[in-house]
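Worksheet for the structure shown next.
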């Protein structure tokens, strides 16, 4: 039992140490412009925290006076260039970095904050071969580079009106983008429904594991707060119903609450769960606890809606993508509970369960949530 307690404590300490640099919601934006002269301009807006090896390292990179010629930054830019592949039919189009704008004006605290995303603007340039003709472009993003997902990709050719926007993940090929005006109609062909649903299901799951550490800890707090699986089921179902309600309402524009209000309250809701676990000796899903979990679920639903707003919902399959995202969130929550049960089920009936698991776990969750609340209030 003591070994399990030590392992749990080590895991919680790791969460505390790493989560201060974990970015809870982020994405990469890529815009590709094709010129009439065959030029290709790729403009990226991306957070380099993970790619740089952490917020502190990213901050040091941001101090570079001349980023294009900085020796320390050169390997990272080279890796980025190699990770973005633009192909014309079967041939790769070489790209070179032409501009880099680092977030040099930001203080170091912004790089270390879990709710701030210092964005770097990078431009790559390439040239189509003279015989490009009626070919089609296709892009991919190698997962060996730490792209923040999803990747919002837009390809456009102003001279003939061609335009395509897609949400991708690393390792996924973009649809083909035809170069000729005669083939532009193919750009507007809708994505197959199953692909849309699969993408948004994955986005929803990823918003819990591994990127939604705040929502994840709320579910873990519910798990620690009761030994009875029936009570746990009641609480988790209540949380699910509540956040699904506000997610749907906010996605349809019927409910709007600023993130500056929602995010600190979400952190405080996690702290409340931890404090309740420390204070309460009970084990049942009491009426007051169920009502409080429902209220907090409404808050978390607004947080999910903010994430979904960043992703955007396809007009052609708005409701399907919304429901698929929500199912992904639920699958993430169920996975968290399943993992927690797998790790601790045999000790849930042990006399020292509360002393060695619930108390240290809830204390860590409370402290971490209070840190988040302070950071979000000051952000």
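Readers should treat all values here as calculations from the given coordinates under stated rules, not as data from a laboratory. Keep in mind it's a predicted model, so treat the numbers as computed, not measured. Every residue, glycine among them, receives a Cβ derived from its backbone with ideal geometry; neighbour counts consider all protein chains shown.
Points worth noting:
- The range 202-378: translational diffusion in µm²/s, Stokes-Einstein, Kirkwood Rh over Cα pairs, 10 °C, 1.306 mPa s: 96
- Projected label distance in nm at residue 31 and residue 291, using a 7 Å step from Cα toward the beta-carbon: 5.0
- Packing-based exposure ordering (other Cβ within 10 Å, fewest first) of 45, 174, 352: 352, 45, 174
- Cα centroid separation, the range 306-326 to the range 78-138: 26 Å.
- Relative to the current alpha-carbon distance between residue 229 and residue 338, full extension at 0.36 nm per residue lengthens the span by 38.1 nm.
- Once the C-beta distance of residue 319 and residue 65 is scaled by a Förster radius of 56 Å, the resulting FRET efficiency is 0.65 to the nearest 0.05.
- Where a label projected 7 Å from the Cα of residue 57 along Cα→Cβ would reach, residues of the range 129-150 with amide N under 20 Å: 142-149
- 10 Å binning of all Cα-Cα separations within the range 29-189, expressed as whole percents from 0 upward: 10, 39, 31, 15, 5, 0
- Axis angle, to the nearest 10 degrees, between helix 2-19 and the longest C-alpha principal axis of the chain: 40 degrees.
- Rounded to 10°, Cα long-axis angle of helix 229-251 versus longest principal axis of the chain: 40
- Fewest-first sequence of 246, 286, 49, 344 by Cβ atoms within 10 Å of each Cβ: 286, 344, 246, 49
- 0 to 90° range, to nearest 10: angle between helix 287-311 axis and the chain longest Cα axis: 10
- Residues 207, 243, sorted so that the one with the fewest Cβ neighbours within 10 Å comes first: 207, 243
- Counted residue by residue at 0.36 nm each, then reduced by the alpha carbon distance between them, the extension gain from residue 39 to residue 98 reaches 20.0 nm.
- Within the chain, DSSP assigns beta bridges of which about 85% are antiparallel (rounded to the nearest 5).
- Per-bin percent of Cα-Cα distances, the chain [10 Å]: 5, 21, 27, 24, 15, 7, 2, 0
- Residue 127/residue 377 FRET efficiency (R0 51 Å; Cβ-Cβ; nearest 0.05): 0.55
- Legend: P(r) of the range 296-359 from all alpha carbon pair distances, 10 Å bins from 0, whole percents, reading 18, 33, 23, 17, 8, 1.
- Rounded to the nearest 500, the helix-only mean residue ellipticity at 222 nm of the chain stands at -16500 deg cm²/dmol, with each DSSP H run of n ≥ 4 adding -39,500 (n - 2.57).
- Note on the range 238-307: the alpha carbon radius of gyration divided by the globular reference 2.2 N^0.38 Å gives 1.17.
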